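The values are calculated or read from the model by the stated rules, or taken from the named source; none is laboratory data. Just so we're clear, the structure is a prediction, and the values are computed from it rather than from any experiment. Counting neighbours? That spans all protein chains shown, and the Cβs are built from the backbone with ideal geometry, glycine included. The accessibility values were calculated without ligands, DNA or RNA, using every heavy atom of the protein model including side chains. Shrake-Rupley method; radii C 1.70, N 1.55, O 1.52, S 1.80 Å.
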Amino acid sequence: MRNYTTETEPAPVVSPWVDELLPGLIEFRRDLHAHPELSFKEFRTTDKLVERLEAAGLKPRRLEETGLTVDVGEGPIATALRGDIDALPIIEETGLPFASKNHGVTHACGHDVHTTAMLGIALTLQRMHKNNPLGGTVRIIFQPAEETMPGGALSCIEQGVLEGVPRILALHCDPRINVGQIGTRIGAITSASDTIKIELSGRGGHTSRPHLTEDLVFALSQIAINVPAVLSRRVDVRSGVSVVWGQISAGSAPNAIPGSGYMAGTMRCLDRDAWHSAGELLDEVVKQVAAPYGVDVHMEHTRGVPPVVNSEHETALIEASARAELGENAVVLTPQSMGGEDFAWFLADIPGAMMRLGTHTPGGEEYDLHRGDFVVDERALGYAIRVLTAAALRTIRDLEQ
């Protein structure tokens with residue numbers, strides 16, 4: 001196995017192939033941005049991708065409902081690359097000339113960039129292959145429904161997209177990193193993410209006589225405070241288990257104890273084993289905390305996604321490719337994110353890594369993901385294509401040794 005940590009290239013090898021394609025790819029990305037589609041409804045997006053890939057002489061395979069895969073090259077598969085294609089139910093507030101025409105839906109997470117980058121990689125590799133056969137195959141997966149739980153990745157895997165694939169790479173826009181740089185990290189780069197919904201019920205009553213009722217509001221408050229505290233003592237603290245509530249509601253009058261209440265939140269964790277053990281403990285802990293108050297508890301715990309855990313070898317592969325294409329200062333250490341990402345399901349089967357793509361214009365306005373005003377520096381698109389194309393070529397070269 002090649003040691004990418006010590007490998008260097010004297011000059012970029014991909015850039016000249018990408019430059020000619022970029023104007024058309026930027027136009028394609030802007031079209032996607034103007035026509036965003038929600039999870040498992042990415043019909044237009046899928047059609048546009050198929051159209052462009054077939055025009056280049058490739059043979060994409062449509063997945064059920066939406067999404068597709070395409071193989072570029074010939075011979076054994078050297079690597080897979082994954083890009084997610086769905087948008088979010090958020091109103092766009094950017095004011096861009098190519099802003100969303102689908103009111104209430106926008107690419108506020110940069111998936112239009114991810115999608116177009118993967119298209120650009122496919123077109124670049126196809127051009128290279130026609131010029132000089134690659135000697136290996138790169139499988140590109142255009143995955144639907146990343147923004148749902150437990151994510152469209154599972155559907156893709158069930159449809160065989162990983163058959164014969166030894167590794168997989170991906171990217172995600174990051175507005176905290178300057179354009180021209182990528183962020184990497186060995187190990188957990190994102191968190192597991194589950195949804196917790198709890199309903200309590202009991203006899204309502206007057207706030208002057210809580211001893212004659214089940215004090216449901218007090219029980220809700222104890223669950224909100226003590227469940228996270230108990231889990232932090234029952235699960236290894238190094239795993240980063242975090243339970244945070246986003247909704248609590250009960251009652252309609254200040255002097256009446258209600259008969260029902262509701263709360264919901266998320267449980268996040270940076271360790272796969274701890275994610276499983278915390279999930280098994282959760283129901284037990286909630287019931288134990290609620291028990292002294294005599295309320296009835298109904299909990300719905302929806303498993304989301306495990307953490308994305310980058311392998312050392314594939315992370316080094318991306319870093320070597322980035323330094324060769326973008327320069328020695330192109331790679332920065334990215335912090336762990338407590339956000340969930342269904343790319344983790346692919347990594348449950350094969351090794352791989354996700355890189356963070358810098359989208360921030362140095363000195364420019366700062367944005368954040370999942371906001372209606374999220375804007376990317378479009379130069380990031382070319383950098384993404386260059387880095388991951390170079391990484392794919394390295395994996396093909398590995399096949400020849």
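Observations, loosely collected:
- In the context of the full set of protein chains, residues of the chain present 42 Å² of accessible surface per residue (probe radius 1.4 Å, heavy atoms only).
- Gain on full extension, evaluated as 0.36 nm per residue between GLU400 and ALA291 minus their Cα-Cα distance, stands at 32.9 nm.
- With R₀ set to 25 Å, the beta-carbon distance separating MET1 from ASN329 gives a calculated FRET efficiency near 0.40.
- Classification of the range 340-396 by its C-alpha gyration tensor yields an oblate form. The axis ratio a/c (a ≥ b ≥ c) is 1.5 or more, and b/c is at least a/b.
- Segment SER232-HIS276, extension gain: residue separation times 0.36 nm, minus the distance between their alpha carbons: 14.4 nm
- Estimated FRET transfer efficiency when R0 is 30 angstrom, pair ASP19-ASP349 (beta carbons, to 0.05): 0.25
- Pair HIS103, ASP283: separation of 7 Å Cα→Cβ label points (nm): 4.4 nm
- Across the alpha-carbon set of the chain, the Rg to Rh ratio works out to 1.05, Rh being the Kirkwood radius.
- For a modelled paramagnetic label at THR195, 7 Å from Cα along Cα-to-Cβ, the residues of the range 341-384 in reach, with backbone nitrogen under 19 Å, are 341-345, 370-371.
- Using a Förster distance of 30 Å, the FRET efficiency for ARG176-GLU312 (Cβ separation, nearest 0.05): 0.80
- Count of Lys pairs (Cα-Cα under 19 Å; at least 8 positions apart or interchain) in the chain: 5
- Point-charge dipole on Cβ atoms (K/R +1, D/E -1) for the range 359-401, about Cα centre, debye to 20: 300 debye
- In percent, rounded to a whole number, the relative contact order of the chain is 25, using alpha-carbon pairs under 8 Å and six or more apart.
- Carbon + sulfur, % of accessible area of the chain - ligands and nucleic acids excluded, 1.4 Å: 50 percent
- Stretching GLU163 away from HIS298 to a fully extended chain increases their span by 44.6 nm, per 0.36 nm per residue minus the current alpha-carbon distance.
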